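Let me begin by presenting the structure, written as structure tokens, before commenting on it.
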Amino acid sequence: MSEDPPDRTPRAVPQGRLTRMLRIGGLAGGIGGRALAQGARQLATGQRPNAQDLFLTPANAARLAAQLAQMRGAAMKLGQLVSMEAGDMLPPELTQILSRLRADADPMPPKQLQRVLDTAWGTGWLRHFARFQVRPIAAASIGQVHRAQTKDGRDLAIKVQYPGVRDSIDSDIANLGLMMRIPGLLPPGIDLPALMTEAREQLHAEADYLREAQQMRRYAANLAGRDEFLLPVPDDQFSTPDVLAMDFIDSRPIETLAEAPQDIRDRAAQNLGRLVIEELFRFDLMQTDPNFANYRWQAEGGHPDGGRIVLLDFGATRGFSPPVAPRYLALLRAALSGDRADIREAAIAIGYFRPETPEAHQEMLLGMMDVAFAPLRAGGIFDPASSGIPQQVADAAMQAARTRAPAEMPPPEILFLHRKIAGLYLLLARLRARVDLDALIRPEDLDRMLAARS
């Protein structure tokens, strides 16, 4: 087993409910202790401490991000969700710190890795491999990925789940829920129970690697014959509930396309946009994790600027309840027509707010929708990188947070969809790629997709 130093310092994954509970308790105590000390210093100088300013500091955010990244599992996943759902309402410096949770996690040490693989494959498993790279090529919230080559020449990517992740999901979420209630740690208006429920359900799904292999095959069947995309194929010999083996696809990070010619970037953007439309309206199967690392680029024919998009990581793949797609089609039709009453009716049907929601709050949310839908009504070529939409929506969200109005969060499945769309938007902006909205969103095409699906 070849051993190369990892890019990040390996740290053992804390195991056992008691151990993880004590870690979370110590984290909460440390944050609270620093807040009390700072508050005492302010009182001594005649200042009146503010709870949110005391708890929601860059130092506390950095400590929170570092500890959750080391714990991995449900702890890190909940931190990811908070940083994404609350990001627009957090100060930019805190959002930047917490964004670490959407990047790589700390890898586990080689000895812990070997124990996990001994349990999954039995001792002596190394005899099946000509080469096994100990240094992970990626490390995320619930597992890390290694490259290996079998004795018969198969080049594999092997995702190994961190030990104890599945058993600790429920207790991690419950303990973190208590910690997240520290005053000022979250901005007002965040529906923490909904985030906790979402994190719990998503983690249980993602922690079943045999389910992920099935989802990968389902997704590939939907894209059969499509040359613009490439997916890995699961390897059944080495796949278990805790280990997912698949063929390794030689590719590079999708962000490297930012230096490609404009037409290549635009073609990739159009394909990615069409894929999201099809996921919702044709497949009823969406890969809802917007991490950039889940997209790669494979060059074709030796030409680095031409190729196809590699799709990875199907643990967060899911469908939607039957009304979601028709209701979104109704919302798109209303948005294209600009009919405010129809937009409001469609927004209520989806769950963005309730009929009894105060009118001022409804108008604020409808105003945010007007901003988001403006490019659709304008049509033509849309350039996300030059759009001011994210900042306008963020400003509106911050204003809503300051009013301390009751939270109006849509159903959890809608949050999954939001994350996918927001992630795509950020990716296209990073690539400086443009999309043809007139070609991408035609209500009559969406009608046909829904009809064919039913």
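The values are calculated or read from the model by the stated rules, or taken from the named source; none is laboratory data. These figures come from a predicted structure and were not determined experimentally. Because the Cβ atoms are built from the backbone with ideal geometry, glycine has one as well, and the counts that use them run over all protein chains shown. Heads up: the accessible areas ignore ligands, DNA and RNA and are worked out on the full protein's heavy atoms, side chains in. Shrake-Rupley method; radii C 1.70, N 1.55, O 1.52, S 1.80 Å.
Tabulated data
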quantity	calculated
Residue list for the stretch 238-284, restricted to those being among the aliphatic types (A, V, I, L, M), free of Cβ contacts under 8 Å to residues at least 60 places away in the same chain and open to solvent by 20 Å² or more (accessible area, probe 1.4 Å)	Ile264
Among (1) at pLDDT 90 or above; (2) surrounded by fewer than 18 Cβ atoms within 10 Å (Cβ to Cβ); (3) under 21 Å from Val393 (Cβ atoms); (4) not aromatic (Phe, Trp, Tyr), the one test that Ala347 misses	(2)
Only listed residue being open to solvent by 10 Å² or more (accessible area, probe 1.4 Å), outside any helix (DSSP H, G or I) and in contact with a helix residue (DSSP H, G or I) (Cβ under 8 Å, 6 or more places away or on another chain), chosen from Arg296, Arg327	Arg296
Positions within the stretch 204-216 being in contact with a Leu (Cβ under 9 Å, 6 or more places away or on another chain) and of a type outside the set (S, T, N, Q), in sequence order	Tyr209, Leu210, Glu212, Ala213, Met216
Selection within the stretch 133-149 - modelled with pLDDT of 95 or more and among the charged types (D, E, K, R)	Arg147
Some residue of the stretch 159-172 being of a type in the set (Lys, Arg), under 15 Å from Met246 (Cα atoms), surrounded by fewer than 21 Cβ atoms within 10 Å (Cβ to Cβ) and touching a Phe, Trp or Tyr at 6+ places or on another chain (Cβ under 9 Å)	no
Complete set of residues in the stretch 235-250 that are farther than 10 Å from Trp121 by Cβ and assigned to a helix (DSSP H, G or I)	Asp236
Residue list for the stretch 209-224, filter: over 18 Å from Trp297 (Cα atoms) and either part of a loop (DSSP other than H, G, I, E, B) or open to solvent by 20 Å² or more (accessible area, probe 1.4 Å) (or both)	Leu210, Arg211, Gln214, Arg217, Arg218, Ala221, Asn222, Ala224
Residue match in the stretch 121-132 (condition: open to solvent by 80 Å² or more (accessible area, probe 1.4 Å), part of a helix (DSSP H, G or I), at pLDDT 90 or above and not hydroxyl-bearing (Ser, Thr, Tyr))	yes
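This table checks each residue for (1) open to solvent by 10 Å² or more (accessible area, probe 1.4 Å); (2) at pLDDT below 70; (3) part of a helix (DSSP H, G or I).
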residue	(1), (2), (3)
Pro107	no, no, no
Leu178	yes, yes, yes
Ile190	yes, yes, no
Thr197	yes, no, yes
